[in-house]
1. Treating the angle as unsigned and between 0 and 90°, give the value, to the nearest 10°, between the Cα long axis of helix 535-545 and the longest Cα principal axis of the chain.
2. Counting other beta carbons within 10 Å of each Cβ, put 411, 460 in order, fewest first.
3. If one computes the Cα centroid of region 97-168 and of region 40-56, what distance in Å separates the two points?
4. May I ask you to derive the relative contact order of the chain, considering only C-alpha pairs under 8 Å and at least 6 residues apart, and to give it as an integer percent?
5. Listing 414, 57 from the residue with the fewest other Cβ atoms within 10 Å to the one with the most, what is the order?
6. Report, in whole Å, the centroid distance computed from the Cα atoms of region 521-549 and region 378-403.
7. With a ≥ b ≥ c taken as the square roots of the eigenvalues of the C-alpha gyration tensor of the chain, please select rounded if a/c is under 1.5 and otherwise prolate if a/b is larger than b/c or oblate if it is not?
8. What percent antiparallel are the DSSP beta bridges of the chain, to the nearest 5?
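Read the figures in this text as sums done on the coordinates, not as results from a lab. Note that this is a predicted model, so its numbers are computed, not measured. Here the Cβ positions follow ideal geometry from the backbone for every residue, glycine too, while neighbour counts run over all protein chains shown.
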Ligand SMILES: Cc1cc2nc3c(=O)[nH]c(=O)nc-3n(C[C@H](O)[C@H](O)[C@H](O)COP(=O)(O)OP(=O)(O)OC[C@H]3O[C@@H](n4cnc5c(N)ncnc54)[C@H](O)[C@@H]3O)c2cc1C
């Protein structure tokens, strides 16, 4: 591409990666959608992919992240207002995602799960959204994940579910019952304990046909949500509550935002520190059962973390391949340089596994109401896949950034933002060790069920190098009462076994074994490109990754 700048001719730069159909251009996603029962949705997903891959969307994403939200704690006269103002670009994305139902499409109006392949279809959309703008997906994810937790309180649920399911984004600051559509956030983390929520000190005292909460939350994202599911210490122990922004008489509730977090990434989204002062709340479930109630939500937010990271990996790799197809160094395009080809192909193989594992997991969610094996599969593999995919994404984004050389490090491009965004999915909703311990907990509580899932995954991965050995190692470590120190190894192996199994179903012959050969056994270095791939394998992987643009 040749263009003129003020005083020189610009050449040997890649054209913008924009106006790309994020679905039809993504063979891996197409295959995963078909393999997981969503072929009937291909047309709708293609339209979605065209819209979300447009230059306009990408530009709005840049603007939303360059104009972070602002806290207005007080008005000009010193009265508290406790509102956070977002840039119109953020509202634009909220309206887009809610119109497409990403906050509720997996639920029927009574809160029961929509029929298959609702989860897989939503995940395919989310993979595309994550390639463009992730910050606004925080409230979208929390809203859809709140539904199973809220179902524990049928009267409240009957009132709020139609508002959650609404396809209208209503950003006005009004009581939730007056609004056309609402979003729901989550408040668990306090200063003295995030993972260890039993250390929560916020108190809840019965009053006014509800409870009154006093205390704080150290991280509470998407503060303009209409209500939050929070944990607090009630007389009967740690309990889950519905904490609305307005009290039943229409007054602003006692949530006082102290400041916004100054974050590495996730800039379009606000995360607050909040003091709770005599804040009205409604109990969700029994007193003392707060962790059980909110874990129904966390299971789904963890799934979304993995989907989001797979999406970001896709965009990072697409940008890298695109650039390398246009950029020449030493009289040869980067995409034709053997060493660069191996780097890109190894990343492509990683993406193959991540995307296949995530989509197959969503399909298990789709079937979990009808199949006990799939229900246990979702419970065992959600933390494992979250662990492996979210932990890989930051290193993956970094490597993609380096493929663009200096351009990758500069904010005008997208790689810098993806790189800053990627770690949050590994940290929130259960950091690495915590989700590993969750895998161990699931195994310990239901050994027969968990073993059945691992056997099933191993069967699906049969014929692939190292699959049987990996399954044995996972069971051995998880069965060992002293095995906690080897837990990361077991969880990574389990996730990679699941990815191999998923690829065996969705990708053409050879890809699953290629993945297994370098990820379950064999020789592979710690960086991308340090895998042993034959030339023809490299070519296959690169051809699959991105159609010429
Ligand atoms: C941008 C952002 C937004 C957030 N938004 C929200 C929100 O909206 N609502 C909300 O409730 N929270 C939110 N959080 C908080 C987030 O969920 C927590 O930060 C996270 O769960 C970790 O908790 P912590 O910070 O207290 O760390 P800790 O719990 O202290 O953990 C620190 C480290 O110790 C490890 N660890 C913990 N226990 C063990 C163990 N038993 N064995 C070995 N290792 C262990 C963890 O894996 C982690 O690596 C947000 C965080 C971020 C960064």
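1. On a 0 to 90 degree scale, this one is about 40.
2. Working: 411 12, 460 19.
Neighbour counts put them in this order, fewest first: 411, 460.
3. After rounding, the separation between the Cα centres reads 19 Å.
4. Over the chain, the number comes to 14 percent.
5. Numbers: 414 26, 57 22.
Fewest to most other Cβ atoms nearby, the residues stand as 57, 414.
6. Region 521-549 and region 378-403 have Cα centres separated by 17 Å.
7. Details: a/c = 1.92, a/b = 1.30, b/c = 1.48.
Since a/c reaches 1.5 but b/c is at least a/b, the shape of the chain is classed as oblate.
8. Working: 41 of 46 bridges.
The answer is about 90 percent antiparallel.
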